[in-house]
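A.B. asks: Here it is, the structure in full.
None of the figures in this text is laboratory data; all of them are computed from the coordinates on show. In this text, all values refer to a predicted model and were calculated from it rather than measured experimentally. In this analysis, Cβ positions are derived from the backbone assuming ideal geometry, glycine residues included, and neighbour counts consider all displayed protein chains.
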Amino acid sequence: MSNARQSIQAAHDVQATEYAPAYLRDAEDLMKAASDALDSGDYYNARELAIAAQQQAIKARQQSLSRQKEVKN
């Protein structure tokens, strides 16, 4: 879950809230679901959700960087 949190923070750091809001929102929603699953003792589901959150956060970061580059050009 730490990796997912770090990936979400990295997406925030490159302004994904502005340039990739859908991916970032998905990542945050998945992270919340992972946290809820962990709190419920559903460790397998928590892990799967955290992995999905990390993947969405990586997409958010990549899309944000790409769109920022487009704006500069």
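A.B. asks: Just checking, does the range 29-37 include any residue being of a type in the set (Asp, Glu) and either touching a residue at least 40 places away in the same chain (Cβ under 8 Å) or at positive phi (or both)?
C.D. replies: No.
A.B. asks: How many of the residues in the range 33-73 are over 14 Å from residue 7 (Cα atoms) and within 13 Å of the chain's Cα centre (by Cα)?
C.D. replies: 2
A.B. asks: Looking at the range 9-64 only, could you name the residues that are surrounded by fewer than 19 Cβ atoms within 10 Å (Cβ to Cβ) and outside any helix (DSSP H, G or I)?
C.D. replies: Hits for the range 9-64 are 14, 15, 40, 41, 42.
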